[in-house]
Amino acid sequence: ELSAILTMSVMSQCLSFALLGLQISAKRSMRGVSMQTLLLDVMSLCCRLASTLVKQGYLPVDATGDYVYQAADICSLFMVLYLLHLGWGELSRTYQAEADDFSVAKLAVGALVLACVCHAEMNHSWAFDVLWTTSVYIDAVAAMPQLWMIAKSGGAVEALTSHHIATLIVSRLFAGAFWFIARNDLAFTPYIEGWNHASMGILEIGRASCRERV
């Protein structure tokens, strides 16, 4: 099924967090890892799960949409929460807080406001549609604190961190490919006749996300 591409997207994302976790576990260090990016990842995963665990509008229509899709996101959420626990706990002394000073509050609020204005209606519920769209928009800017931190640290990055970022790019490419193919099937209420603001929002934000990480 074509919709299995969405499941491949969240599985790639899960793999990316596993790679980051392997690096931190092996090095016993949070050096070079942005806690601000991890916070945005938690927000995005929570928003998406709040939608996909209750509604089915954005789930794959094949069998993976019954359990696998949500399970991958739940695994990702637990891994990110564990990494945050390490960063704030036993590995806090290795965390480069002075370089990770990119404020994420405005990014999260901006994503929420934009989602309230520009969202699809696949769940036929304003709140759950906004939650899902917020997760898409947060995903698009989640890498900014990590890239900011890398730049402030002189551009050096651990091998597994670069693999983590590369795997996230693959994840976004899978999601973007699916929504490009399915763009005309998105339910939405047009503000302007003939203008599909729902698909434009998802695809343009997704394209910006991939460009940012590359």
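The values are calculated or read from the model by the stated rules, or taken from the named source; none is laboratory data. Model, not experiment: these values are computed from the prediction. Positions of Cβ are backbone-derived with ideal geometry, glycine not excepted, and every protein chain shown enters the neighbour counts. With ligands, DNA and RNA removed, areas are computed over all heavy atoms of the protein, side chains included. Shrake-Rupley method; radii C 1.70, N 1.55, O 1.52, S 1.80 Å.
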How would you classify segment 1-53 from its alpha-carbon gyration tensor, with a ≥ b ≥ c the square roots of the eigenvalues: rounded for a/c under 1.5, else prolate if a/b is greater than b/c, otherwise oblate? oblate
What nm distance separates the two modelled labels at residue 68 and residue 127, each placed 7 Å from Cα along Cα→Cβ? 3.2
Percent carbon-and-sulfur accessible area, the chain, ignoring ligands, DNA and RNA, probe 1.4 Å: 67
Residue 121 long-range amide H proximity, modeled H, under 5 Å: 187, 188
Charges on Cβ only, +1 for Lys and Arg, -1 for Asp and Glu, centred on the Cα centroid of the chain; of 135, 19, 114, which one is farthest towards the dipole's positive end? 19
Could you sort 54, 68 by their accessible area in this structure, using a 1.4 Å probe and putting the largest first? 54, 68
Three principal axis lengths of segment 120-176 [C-alpha, angstrom, descending]: 46, 22, 13
Under a 1.4 Å probe, counting only protein heavy atoms, residue 52 has an accessible area in Å², nearest 10, of 10
If R0 is 30 Å, what FRET efficiency do you get for residue 162 and residue 103 from their C-beta distance, rounded to 0.05? 0.75
Honestly segment 27-91 on the Cα gyration tensor test (a ≥ b ≥ c root eigenvalues; a/c under 1.5 rounded, otherwise a/b vs b/c for prolate or oblate) is just prolate
I need the phi-derived Karplus couplings for segment 79-94: 6.51 cos²θ - 1.76 cosθ + 1.60, θ = phi - 60°, integer Hz, Gly and Pro marked x. 5, 5, 4, 5, 5, 5, 4, 5, x, 8, x, 5, 9, 4, 6, 9
Before rounding to the nearest 500, sum -39500 (n - 2.57) across all DSSP H runs of length at least 4 in the chain and divide by the residue total; then give [θ] at 222 nm in deg cm²/dmol. -22000 deg cm²/dmol
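Just to check, using Stokes-Einstein with a Kirkwood Rh over alpha carbon pairs, what's the diffusion coefficient of the chain at 4 °C and 1.567 mPa s in µm²/s?
Answer from the Stokes-Einstein relation: 74 µm²/s.
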